[in-house]
Amino acid sequence: NSYPHAKTSISMLTLKEILREPYTMTPFPGFEQVNIDFSQLQSIMFQQEPSWKSALSNVKGIYLITDITNGKLYVGSAYGENAFWNRWNEYSQNGHGGNIVLKRLISSYGKEYADNFRFSILETRSMNAEDDAIIMREQYWKQILASKEHGYNAN
């Protein structure tokens with residue numbers, strides 16, 4: 001069995017510290033500074049961290065997922081209700097966000113493979129921006145970063 005059971009493992013554990021306050025994420029650093037790994041993304045979404053939720057819900061834009069094991073990139077767009085927040089919440093749930101190529105990867109290697117992903121923001125726009133304009137910018141970034149030819153974008 002690869003997972004320890006509490007009954008048989010409790011004697012091997014040492015309590016180091018009890019936090020006075022629950023552990024929380026650092027506040028939202030600004031769109032130009034977002035560069036988080038998958039576990040951080042999951043924590044932000046699980047805790048519904050207010051500064052992150054507010055920032056990511058109020059802009060549309062283009063994001064980048066980098067696979068740190070091989071350098072492959074995935075360029076995606078966030079628009080619609082709560083834009084980045086809803087889109088990235090999908091990734092936190094399943095590791096692939098519905099993307100065909102990432103879905104195949106997660107299916108082959110398990111959700112743990114998403115631990116290799118880093119999430120960053122390439123560009124933001126007002127929530128008033130037309131969705132078609134966001135999609136055009138997504139295509140621009142796919143071309144610039146060659147994420148169709150050398151990454152995880154299929155279209």
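Using only helices, what value at 222 nm comes out for the chain when you add -39,500 (n - 2.57) per DSSP H run of length 4 or more and divide by the total residues, to the nearest 500 deg cm²/dmol?
Details: 6 runs with 59 residues, N = 155.
Computed ellipticity for the chain at 222 nm equals -11000 deg cm²/dmol.
Under unit Cβ charges (Lys, Arg +1; Asp, Glu -1), what dipole magnitude, rounded to 20 debye, does region 1-116 have relative to its Cα centre?
Details: 10 positive and 10 negative charges, 51 e Å.
Dipole magnitude for region 1-116 comes out near 240 debye.
Can you name the helices of the chain, as whole DSSP H runs, whose Cα span along the helix axis is 30 Å or more and whose Kyte-Doolittle mean is not below 0.0?
none
Please compute the modelled spin-label separation between I68 and Q47, points set 7 Å along Cα→Cβ, answer in nm with one decimal.
Each label point lies 7 Å from its Cα, and together they span 1.8 nm.
If the viscosity is 1.002 mPa s and the temperature 20 °C, what translational diffusion coefficient in µm²/s does Stokes-Einstein give for region 10-155 when Rh comes from Kirkwood over Cα pairs? Display every interim value, and only then the final one.
Numbers: Rh = 16.2 Å.
Result for D is 132 µm²/s.
Using a probe radius of 1.4 Å on heavy atoms only, what accessible surface per residue do you get for the chain? Whole Å² is fine. List each step's numbers first, then the result.
Working: 9740 Å² over 155 residues.
Using a 1.4 Å probe on heavy atoms only, each residue of the chain averages 63 Å².
Taking the dipole about the Cα centre of the chain, with the C-beta of Lys and Arg at +1 and of Asp and Glu at -1, give me whichever of F84, T124, H150 is farthest to the positive side.
H150
The values are calculated or read from the model by the stated rules, or taken from the named source; none is laboratory data. Not measured: the values here are computed from a predicted model. Neighbour counts run over all protein chains shown; Cβ positions are idealised from the backbone, glycine included. Only protein heavy atoms, including side chains, enter the accessible area calculation; ligands, DNA and RNA are left aside. Shrake-Rupley method; radii C 1.70, N 1.55, O 1.52, S 1.80 Å.
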